[in-house]
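Below is one structure, written out as structure tokens; comments come after it.
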Amino acid sequence: MKLIRFGNLDQEKPGVQLENGKQIDISTFGEDYNESFFGGDGLERLEKWLQNNQDSCPEIPKGTRLGSPLVRPSKLVCVGLNYAKHAEEAGMTVPKEPVLFFKSTTAICGPYDDVVIPKNSEKSD
């Protein structure tokens, strides 16, 4: 099972992609994939709920836009130079400790959405 969110930008609803590739709308589960869902027992409750409700969930039409798989979190912590090839590409040595940095949560988008390049950006990674 893969967690997905689908629908128009800023109107996404929670869904699930089953092992057979079928995508279903689980809006009636009553929760979205937010910090409290992941910080608690959301996955376990969803799995139990699906055991009883999966067959009554509507299928998501093919070609429907996929959004970010989670509701915008309060923070987005990233790891830089997290593998040797990336450090090599950047002309840097592999760090002894993780390089952590933050990104704006507005940078999160769906897998096929346009990536917005900041105005006057000279190098975007």
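Points to keep in mind about this one:
- In order along the stretch 89-100, phi translates into HN-Hα couplings of 4, 7, x, 10, 7, 5, x, 6, 10, x, 9, 9 Hz, rounded to whole numbers, per the Karplus curve 6.51 cos²θ - 1.76 cosθ + 1.60 with θ = phi - 60° and x for Gly and Pro.
- Sites residue 55 and residue 8 - FRET efficiency at Förster radius 30 Å, r taken between beta-carbons, to 0.05: 0.65
- Surface exposure of the stretch 46-89, expressed per residue as accessible area with a 1.4 Å probe, stands at 71 Å².
- Charge dipole of the chain about the Cα centre (unit charges at C-beta), most positive-ward option of 117, 30, 43: 117
- Equivalent ellipsoid dimensions for the stretch 78-125 as semi-axes, Å, which come from the Cα gyration tensor, largest first: 24, 13, 11
- Summing Cβ point charges (Lys, Arg +1; Asp, Glu -1) relative to the Cα centre of the chain gives a dipole of roughly 200 debye.
- Extension gain from residue 96 to residue 1, taking 0.36 nm per residue of separation minus the Cα-Cα distance: 30.6 nm
- Per-pair calculated FRET efficiency, R0 = 41 Å: residue 119 and residue 45 via Cβ, rounded to 0.05: 0.45
- Using a probe of 1.4 Å on the protein chains alone, the accessible area found for residue 93 is around 120 Å².
- Normalised by the number of residues in the chain, the mean separation of alpha-carbon contacts (under 8 Å, six or more apart) gives a relative contact order of 22 percent.
- Element breakdown for the chain at a 1.4 angstrom probe: carbon and sulfur atoms account for 51% of the accessible area.
- Counting lysine pairs in the stretch 19-125 whose alpha carbons fall under 24 angstrom apart, excluding pairs fewer than 8 residues apart on the same chain, gives 10.
- The smallest convex shape that holds all Cα atoms of the stretch 13-125, its convex hull, gives 166 Å³ per residue.
- Stretchable slack from residue 88 to residue 64, in nm (0.36 nm times residue separation minus alpha-carbon distance): 4.8 nm
- With both labels modelled 7 Å from their Cα along Cα-to-Cβ, the residue 22 to residue 103 distance reads 3.4 nm.
The values are calculated or read from the model by the stated rules, or taken from the named source; none is laboratory data. Every value quoted in this text rests on a predicted model; they were computed, and no experiment measured them. Note: ideal-geometry Cβ built from the backbone for every residue, glycine included; neighbour counts use all protein chains shown. These accessible areas exclude ligands, DNA and RNA; they are computed on the full protein's heavy atoms, side chains included. Shrake-Rupley method; radii C 1.70, N 1.55, O 1.52, S 1.80 Å.
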